[in-house]
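Each remark here refers to the structure printed beneath this line.
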Amino acid sequence: MAIYMVYEDALALMKRWTPSESLQKHMLAVETAMRAYARKYGEPEEKWAITAILHDFDYEKAPETHPFKGVEMLREMGYPEDVLEAILGHADVPEHPRNSLMARVLFAVDELVGLITAAVYVRPDRSIQSLELSSLKKKFKDKAFAARVDREGIVRGAQELGVDLDEHMAFVLEAMKADAQRLGLG
């Protein structure tokens, strides 16, 4: 049974399952980056946005089985396999290779938006608008800053997309700047 995916339904599901405002904002930031890449590559923006919104929805309630438990639920609800495969691919496990462009983009932006958000939070004005690529690159190189961010994953994500790391970082940063108010980074 396939469902017609509706963004508002995915957003409501995410909010029901994700009490943490910071994790909700993370998924919105991933959505912003995914929408930007979907437009760049001529892919279905709404589908990519829904994938982003749901990629971590089960994390707080089932961290030990994330994202597998969430994907199982989404499969029962009738979400398309390409969405589920992209979500599974962001777990970075060999059993779920990133075979689609959507899966590679989700993996490539997931950790990067976390780094960008952390870099904004330590800025004196707490605004993404004043964050320059050069400052972000310095934060990226500083392993003590946002130490839980998987920098190797960010590098691999850009490689899997076939884009230069600086170009990838700049693209996601600009996408997030354009959506700063909604992301709470204004």
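The values are calculated or read from the model by the stated rules, or taken from the named source; none is laboratory data. Not measured: the values here are computed from a predicted model. Cβ sites come from the backbone with ideal geometry, for glycine too, and all protein chains shown count toward neighbours.
Quick notes on this structure:
- Some residue of the range 87-102 being at pLDDT 95 or above, closer than 19 Å to Lys177 by Cβ and either among the acidic types (Asp, Glu) or within 14 Å of the chain's Cα centre (by Cα) (or both): no
- The lone exception for Arg35 - which of (1) over 13 Å from the mean Cα position of the chain (by Cα); (2) under 26 Å from Lys177 (Cβ atoms); (3) basic (Lys, Arg) it fails: (1)
- Test: residue in the range 122-138 that is among the charged types (D, E, K, R) and part of a helix (DSSP H, G or I): yes
- Residue within the range 104-119 that is over 16 Å from the mean Cα position of the chain (by Cα), at pLDDT 95 or above, in a helix (DSSP H, G or I) and acidic (Asp, Glu) present: no
- Pairs where the first residue, in the range 148-160, is closer than 18 Å to Ala119 by Cα and the second is aromatic (Phe, Trp, Tyr), C-beta under 8 Å, 6+ apart: Arg151/Phe140; Gly153/Phe107; Ile154/Phe140
- Identity of the residue in the range 26-79, of a type in the set (S, T, N, Q) and either touching a Gly at 6+ places or on another chain (Cβ under 8 Å) or modelled with pLDDT of 95 or more (or both), that ends up surrounded by the fewest Cβ atoms within 10 Å (Cβ to Cβ): Thr32
- The one condition from (1) surrounded by fewer than 19 Cβ atoms within 10 Å (Cβ to Cβ); (2) under 25 Å from Thr51 (Cα atoms) that Arg126 does not meet is (2).
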